[in-house]
Amino acid sequence: MVTDKVSYSECVGCSACANICPKGIISIKQNNEGFEVPMINCSECIQCGLCEKVCPGLNTIVEGDYPKKGYVVKSNELAVRRNSSSGGVFFELAKQIIKQEGKVVGAIFNEENAVVHYIATFSDDIAKLRQSKYVQSRKGKIFSEIKSELEKGTAVMFVGTPCEVAALKLFLVKNYENLFTCDFICKGAASPKIYEVYLKELEKKYKSKAKIVNFREKSLGWSNYSIKIVFENGSVYKKDRYHDWYLRGYIEENLFLRKSCSACKFKGNNRFSDITLADFWGVGKVKRKWDDDLGTSLVITNTAKGEQMLEGISDEIFDEQVPLDIALKGNSTYYDSIIPSPHRDSFFVDIDHNLFSETVKQYAYKGFPAEMKREVRNKLHWIVRKGRILISKIDFQ
Ligand SMILES: Cc1cc2nc3c(=O)[nH]c(=O)nc-3n(C[C@H](O)[C@H](O)[C@H](O)COP(=O)(O)OP(=O)(O)OC[C@H]3O[C@@H](n4cnc5c(N)ncnc54)[C@H](O)[C@@H]3O)c2cc1C
């Protein structure tokens, strides 16, 4: 049984075991940190071992030997870039799949604002999938649903974290020609419970239910992105990544990430998608004219299929090949797992008794120089952004 073999610190929360169980006796429950973990009704287990075979925490997949290539890419439609986290490559790839009457699987906010994986069939649907949601998604029975689509011959593009792509591949066992996979450079999976607590605190403050959540709002720039929440009563909350307590706890402090993310098995070249998507952080140092602070993607093609997928959208994007080692200089999370905050465990205890913002504030690093640096950096960001936009306009003329 998978629950005997995989520890909580190795379990990635993919739900592949619950999808494969022929007896349907594996249920997925939230643990006290708010992360999904499998529970098995042992008395009904027939010891078939399938749950162990599909577990990415227990298995390794053999890495392909295709020479990976790096590209700087942006959609040639400004509106697509504005409404995407990076350069809008996901949206352009998704449009192609929908045109072929295929299905696109990624993460959306459901009616309760929880993050769940979802199958999009129509072009209107793919807009819901857009943008990074910094919360671990609920997978439910998505792997079984993908398999039945693949068996019918439908083209399916799956987007998820590197461990979710590995889990899907282990679950499917065989290679499907009609399956296209994208992962992204992944910082780590944040706790759904902490996100819920955060939203509830803001809903109480604004006396209204959250209607739209956007983790990557770009009005202060792509590099200085903000979280924007629109409430049902019309109120709007917006704070940049340095001043919002959720983004600060996730991005800067590593306070509430899943345990397995601190020893991620799917870093560096050990990934199994056709394409890896990412923000091209530091693009201004590599390709100055590309840096207009509206969002630029780094795309890594991991397979020949990935290369074909990128070629398939060549009319919709601007792209240039960039040596991978140079492209990845600004993106250490490609190679390295996060180092969790030393306060992670205390945080998860305290959050049950205290306000979310107060708890993050208590554990956030706040040495005087660091706070000062943050404020100065924020002001400089604004000036640099305006400068870059000016320079990029001159360069393009
Ligand atoms: C949790 C998380 C951590 C990330 N960490 C990094 C990082 O450290 N460095 C970096 O360069 N890039 C990181 N990214 C990727 C980056 O934010 C962009 O998503 C990526 O560059 C693609 O941008 P885009 O404009 O092409 O597409 P977007 O419009 O951003 O589309 C994003 C795609 O990711 C899917 N997705 C969104 N949230 C989730 C989720 N919670 N779980 C599974 N799938 C999801 C969406 O369904 C969509 O298909 C991360 C993304 C996420 C979700």
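Quick check on my filter: what residues within region 48-65 are part of a loop (DSSP other than H, G, I, E, B) and open to solvent by 30 Å² or more (accessible area, probe 1.4 Å)?
Within region 48-65, the subset part of a loop (DSSP other than H, G, I, E, B) is 48-49, 54-65.
The answer is 48, 58, 59, 60, 61, 62, 63, 64, 65.
Residues in region 83-138 that are open to solvent by less than 20 Å² (accessible area, probe 1.4 Å), outside any strand (DSSP E or B), near the ligand (Cβ under 6 Å from one of its atoms) and not polar (S, T, N, Q): 5 in all. Checked against (1) under 18 Å from the mean Cα position of the chain (by Cα); (2) under 25 Å from residue 120 (Cβ atoms); (3) of a type in the set (A, V, I, L, M); (4) open to solvent by less than 10 Å² (accessible area, probe 1.4 Å), residue 194 passes all but a single condition, namely (2). Could we say that residue 45 is open to solvent by 20 Å² or more (accessible area, probe 1.4 Å), out of contact with any strand residue (DSSP E or B) (no Cβ under 6 Å at 6 or more places or on another chain) and farther than 28 Å from residue 257 by Cα here? Taking the combined requirement at face value, the residue satisfies it.
Would you call residue 68 in contact with a Ser or Thr (Cβ under 9 Å, 6 or more places away or on another chain), open to solvent by less than 20 Å² (accessible area, probe 1.4 Å), basic (Lys, Arg) and within 16 Å of the ligand (Cβ to nearest atom)? Against the criterion (in contact with a Ser or Thr (Cβ under 9 Å, 6 or more places away or on another chain), open to solvent by less than 20 Å² (accessible area, probe 1.4 Å), basic (Lys, Arg) and within 16 Å of the ligand (Cβ to nearest atom)), residue 68 does not qualify.
Would you check if residue 152 is away from the ligand (no atom under 12 Å from the Cβ), open to solvent by 30 Å² or more (accessible area, probe 1.4 Å) and closer than 26 Å to residue 260 by Cβ?
Numbers: away from the ligand (no atom under 12 Å from the Cβ): yes; open to solvent by 30 Å² or more (accessible area, probe 1.4 Å): yes; closer than 26 Å to residue 260 by Cβ: no.
Against the criterion (away from the ligand (no atom under 12 Å from the Cβ), open to solvent by 30 Å² or more (accessible area, probe 1.4 Å) and closer than 26 Å to residue 260 by Cβ), residue 152 does not qualify.
Quick one: in region 162-175, of everything that is touching a residue at least 24 places away in the same chain (Cβ under 8 Å) and open to solvent by 20 Å² or more (accessible area, probe 1.4 Å), which residue is nearest to residue 36 (Cα to Cα)? It would help to see each step written out before you state the result.
Of the residues in region 162-175, the ones touching a residue at least 24 places away in the same chain (Cβ under 8 Å) are 162-172.
When the remaining residues are screened for being open to solvent by 20 Å² or more (accessible area, probe 1.4 Å), the result is 163, 169-170.
Numbers: 163: 14, 169: 20, 170: 19 Å.
Applying the filter and picking the extreme gives 163.
Going through (1) buried (at least 20 other Cβ atoms within 10 Å of the Cβ); (2) part of a strand (DSSP E or B) one by one, residue 228 falls short only on (1).
The values are calculated or read from the model by the stated rules, or taken from the named source; none is laboratory data. Here the structure is a predicted model, which is why all the values come from computation and not from measurement. Virtual Cβ from ideal backbone geometry, glycine too; neighbours counted across all protein chains shown. Heads up: the accessible areas ignore ligands, DNA and RNA and are worked out on the full protein's heavy atoms, side chains in. Shrake-Rupley method; radii C 1.70, N 1.55, O 1.52, S 1.80 Å.
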